[in-house]
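Taken together, the values in this text are just the output of simple stated rules run on the coordinates, not laboratory data. Values in this document were obtained by computation on a predicted structure and should not be read as measured data. Because the Cβ atoms are built from the backbone with ideal geometry, glycine has one as well, and the counts that use them run over all protein chains shown.
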Amino acid sequence: MNVKLFDSELKVMEVLWKEGDMTAGQLAKILNEQVGWNRNTTYTIIKKLVEKEAIRRYEPNFTCRALISKQNVQKQEVKELFGKLFDNSAEAFLSAFFSSRKLSPEEIDGLKEIVEKLK
C-alpha cells in the first residue's frame, strides 16, 4: 500500500508503531507530552490517517491501529527520495549519504555483505 504521510502524520504513526493499539485519547496525551499538540490537533491528524487508510479506529473508545508498517513507509520514502534527488542513481545516493559521516569498520563490513548479496 502506497500512502504518502506528512511529518505530522508520521508522529502519530511512530507512537502506534512503538506502543501498539491505543485509544485516540492516549495518543493525544502522548503527543501533547512529546510535541505539545492539543487534543484537537491529534484528533484531526487521526481523522486524516483514517481517511488515508493508514490507521483504523474501532470500539471501545476509538482505539487506533496502524494498518501500514513502518518498514513499508520507510521503503516508500526512500524510493521517493532516491528518485527525486538522486535520479535513481544508487552511486549518487550512497556517495551523498556516506560523504557526511565516518563509517566504522563493522559498518563497512556490513555494507560489503549487502553488496555481495546483490551480485
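Here are the numbers:
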| quantity | calculated |
| --- | --- |
| Residue count, the stretch 15-48 (criterion: of a type in the set (D, E, K, R) and either in contact (Cβ under 8 Å) with a residue 24 or more places away in the chain or surrounded by 18 or more Cβ atoms within 10 Å (Cβ to Cβ) (or both)) | 2 |
| In the stretch 59-110, the residues that are within 25 Å of residue 6 (Cβ to Cβ), hydroxyl-bearing (Ser, Thr, Tyr) and not in a loop (DSSP other than H, G, I, E, B) | 63 |
| Any chance residue 70 is basic (Lys, Arg) and within 30 Å of residue 115 (Cα to Cα) | yes |
